[in-house]
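The values are calculated or read from the model by the stated rules, or taken from the named source; none is laboratory data. Small disclaimer: the values here were computed from a predicted structure and weren't measured. Counting neighbours? That spans all protein chains shown, and the Cβs are built from the backbone with ideal geometry, glycine included. We work out accessible area using only protein heavy atoms, side chains counted, and drop any ligands, DNA or RNA first. Shrake-Rupley method; radii C 1.70, N 1.55, O 1.52, S 1.80 Å.
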Amino acid sequence: MPLPRSALSLGGAPLRALFPMAPLARGQSLAVAMSPYDGRVHIGLVADGAAVPDLDALATALTAELDLLDPPGDDDARA
C-alpha cells in the first residue's frame, strides 16, 4: 500500500518506521504487506501459527535476501 510521498508526523514527531499489516482471509495461512516510505520498503508478515510455526525463520530469511539487494548502510541505493 503506497503512502504519501511527503514526510509524515504525529504530534510533531517524525514517522521513522512502519509496520504494515494485512489481515488473514478465511483459509489463508500467510499474509504479506508491503509499504514504501522514506526511501525504504517496510514489510509485515501475519500468519496462522498452526500453519506457519516458523514465521520468525521466514522473516529472518526475507530480511537477509532483501539486504542482498540493498545492503544496510548503502545510502547510494536508497537515494
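Tallying residues that are at positive phi and either among the small types (G, A, S) or in contact with a Phe, Trp or Tyr (Cβ under 8 Å, 6 or more places away or on another chain) (or both) within the range 1-44 yields 4. Quick check: is even one residue across the range 5-28 open to solvent by less than 90 Å² (accessible area, probe 1.4 Å), in contact (Cβ under 8 Å) with a residue 12 or more places away in the chain, assigned to a strand (DSSP E or B) and closer than 22 Å to A59 by Cα? Among the residues of the range 5-28, not one is open to solvent by less than 90 Å² (accessible area, probe 1.4 Å), in contact (Cβ under 8 Å) with a residue 12 or more places away in the chain, assigned to a strand (DSSP E or B) and closer than 22 Å to A59 by Cα, which makes the answer no. Go through the residues of the range 50-58 one by one and say whether even a single one is on the phi < 0 side of the Ramachandran plot and open to solvent by less than 50 Å² (accessible area, probe 1.4 Å). So far as the range 50-58 goes, yes, one or more of its residues are on the phi < 0 side of the Ramachandran plot and open to solvent by less than 50 Å² (accessible area, probe 1.4 Å). The residue pairs whose first member lies in the range 57-76 and is among the small types (G, A, S) and at pLDDT 85 or above, whose second member is in a loop (DSSP other than H, G, I, E, B) and open to solvent by 50 Å² or more (accessible area, probe 1.4 Å), and whose beta carbons are closer than 8 Å, counting only pairs six or more residues apart or on different chains, do not exist in this structure.
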